Amino acid sequence: MFEPELSRKELALTRLRVIAPAAAFALALLCASPDPASAATGDFSYTYQDQANGRTSTVAVEAPVGGSCTNVPEVADGTADSAYAPSNKTDQEVQVYTDQNCAGSRYVLGKNSSQPRLHFASWKFKA
């Protein structure tokens, strides 16, 4: 049986019919991939009292990253019982928790707000 030879134009169209769906699928996968954790714009700060010497210190976290729980380092290492007076000067809400690993009671601190009497041990910004 004799098959006619395809012209260059027909061959290009045949290749396009095979490649176009694959390229569209790859583009769809790329667009559907989750974004990496994003950082809030601004600073999140808190105060703690050192158990060993009684000194009070304030810590500022620049552009805190969202998406995962962050334990207050001074609580995690035993320097302080808790942090207090969270100040959220970012463009995103933050959830602060009374216990480490984002456990215990939760309080939502809005954008550009603070709570001078609130004690906490961990926080989480949205991703």
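The values are calculated or read from the model by the stated rules, or taken from the named source; none is laboratory data. In this text, all values refer to a predicted model and were calculated from it rather than measured experimentally. We place every Cβ from the backbone using ideal geometry, glycine too, and count neighbours over all the protein chains shown. Remember, those area values only see protein heavy atoms, side chains included, never the ligands or the DNA or RNA. Shrake-Rupley method; radii C 1.70, N 1.55, O 1.52, S 1.80 Å.
List of remarks:
- Rounded accessible area per residue of the stretch 67-112, 1.4 Å, Å²: 50 Å²
- Fraction of accessible area attributable to carbon and sulfur, the stretch 35-127 (%, probe 1.4 Å): 43 percent
- Across the stretch 70-116, Cα-Cα pairs farther apart than 17 Å form 34% of the total.
- In this label model, K9 and D81 are separated by 8.5 nm, measuring between points 7 Å along each Cα→Cβ vector.
- Calculated FRET efficiency, A127 to T47, Cβ-Cβ distance, R0 = 30 Å: about 0.70 to the nearest 0.05.
- A simple spin-label model places the labels of A39 and Q95 2.3 nm from each other, with each point 7 Å out along Cα-to-Cβ.
- Here the Karplus curve 6.51 cos²θ - 1.76 cosθ + 1.60, taken at θ = phi - 60°, turns the phi angles of the stretch 88-104 into couplings of 9, 9, 10, 8, 9, 5, 10, 9, 10, 10, 6, 10, 5, 6, 6, 10, x Hz, with x standing for Gly and Pro.
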